[in-house]
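Here's the structure, in structure tokens; my notes come after.
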Amino acid sequence: AQSVAQPEDQVNVAEGNPLTVKCTYSVSGNPYLFWYVQYPNRGLQFLLKYITGDNLVKGSYGFEAEFNKSQTSFHLKKPSALVSDSALYFCAVAGGTGANNLFFGTGTRLTVIP
Amino acid sequence: GAVVSQHPSWVICKSGTSVKIECRSLDFQATTMFWYRQFPKQSLMLMATSNEGSKATYEQGVEKDKFLINHASLTLSTLTVTSAHPEDSSFYICSASDFSGANVLTFGAGSRLTVL
């Protein structure tokens, strides 16, 4: 069975500083890993994904994530945070050959302080 | 890119009434759509997988008679909350895949249901 853990409910970072939002996963077989962002009262917007290939994945709005198989992690990062990055971030995993049945982590609320 | 539209974006209803939420893929055909429920400050919980032309597949613990799903066409899936009660108040989100090979789900903006 697939599962995702986001150990931090809340992450605060000063504007301009680097940010990291943590995610670890458990899945049988090769993982399909995703990051989505949710703004208040909105649906989810896709940020980036890892299916195969380079462990460092670059996505929308300057975000990137590194797939680490040995640590079963897929942390989201950005070199310089913006106030507009403040939102709820979800890590998700799907197993097997398809990525349509996603299991989400509990989410991490990122607050970027001006 | 792919766009998924949900309607209504918010709805308030009286206890005991039924509410229908629509999920449309605007520029692609979606043979499969997914319905999620999100409680305040919590993650998304997959409720069911909606398959065009066949019965929906419900996740464990989700009452299929309570949450009726119909996927009558390749661009429309509906979720009907029957005999709604205050505990059904939640944020409901649908998603769909355009199966373009990108392995990315597109999510609707969500529908907030408040049952009085």
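Each value in this text was obtained by applying a stated rule to the coordinates, not by laboratory testing. Everything numeric in this text was worked out from a predicted model, so none of it was measured. Here the Cβ is made from the backbone with ideal geometry for all residues, glycine too, and neighbour counts use every protein chain on show.
Taking the convex hull of the alpha carbon atoms in the protein assembly as shown, what volume per residue do you get, in Å³?
122
Averaged over A:43-55, how many beta carbons belonging to a partner chain fall within 10 Å of each residue's beta carbon?
Partner Cβ neighbours, averaged per residue: 3.
Determine the principal axes of the Cα atoms in chain A, then give the extent along each, sorted from largest to smallest and rounded to whole angstroms.
Cα spread of chain A along its principal axes, largest to smallest: 42, 29, 22 Å.
At 0.890 mPa s and 25 °C, plugging the Kirkwood radius over alpha-carbon pairs of segment B:33-85 into Stokes-Einstein gives what diffusion coefficient in µm²/s?
211
Considering only the other residues whose Cβ falls under 15 Å of the Cβ of B:S111, what net charge follows from Lys and Arg at +1 and Asp and Glu at -1?
+3
Under a Cβ-only charge scheme (Lys and Arg +1, Asp and Glu -1), can you give me the dipole magnitude of the protein assembly as shown about the Cα centre, in debye to the nearest 20?
160
Work out from phi, with θ = phi - 60° and the Karplus expression 6.51 cos²θ - 1.76 cosθ + 1.60, the ³J(HN,Hα) of each residue of segment B:38-54, listed in order in whole Hz, and give x for Gly and Pro.
Whole-Hz 3J(HN,Hα) from phi for segment B:38-54: 10, 8, x, 6, 10, 7, 7, 10, 5, 8, 6, 10, 9, 10, 4, x, 9.
Taking neighbour counts of Cβ atoms within 10 Å as a proxy for exposure, in what order, fewest first, do B:V62, A:V93 appear? Before the final figure, lay out the partial values.
Values: B:V62 17, A:V93 25.
Going from least to most buried by this count: B:V62, A:V93.
Which trypsin sites (Lys or Arg not before Pro) in segment B:19-116 sit in a loop by DSSP (not H, G, I, E or B) and have at most 10 other Cβ atoms within 10 Å of their own Cβ?
B:K41
With no solvent and one equal point scatterer per Cα, compute the Debye intensity ratio I(q)/I(0) for chain B at 0.13 Å⁻¹ and report its log10, rounded to two decimals.
Listed by q, the Debye log ratios stand at -0.45.
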